[in-house]
1. Give the Rg (one decimal place) followed by the Dmax (whole number) of the chain, computed from C-alpha coordinates and expressed in Å.
2. Helix 65-74 sits at what angle to the longest principal axis of the chain, using alpha carbons and giving 0 to 90 degrees rounded to 10?
3. From zero outward in steps of 5 Å, how is the percent of C-alpha pairs of segment 36-82 spread across the bins?
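What follows draws every value from the coordinates through simple rules; no lab data is involved. Bear in mind the structure is a predicted one, so any value in this text is a computation, not a measurement.
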C-alpha cells in the first residue's frame, strides 16, 4: 500500500513540476509549484515526518507561492494583441 502511495505522489510531483516548467503563464506556473510543494509534503507524511510536512505546507506552499502570486499580480504586464 505504501508503494502505491509513493508512486502516486511521485507522479503528482513529476507532472506538476513538468507543468510548471512548460507553463507559459506565470500564474499557472506558480500554482503548479504550489502543487509540487504539497506533493513533497505528502512524501514527508509517507516518511512519518509530520512536522516537516507541516513546515513545507506553511512556509513553501503558503508563504512563498502567495508572495510569488502577489508579485505576478502587482507588476505591470503588457498585453500582446494577436
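1. Gyration radius and largest Cα-Cα distance of the chain: 15.1, 51 Å.
2. With both axes taken from Cα atoms, the answer is about 10 degrees.
3. 6, 22, 19, 14, 11, 9, 8, 6, 4, 2, 0
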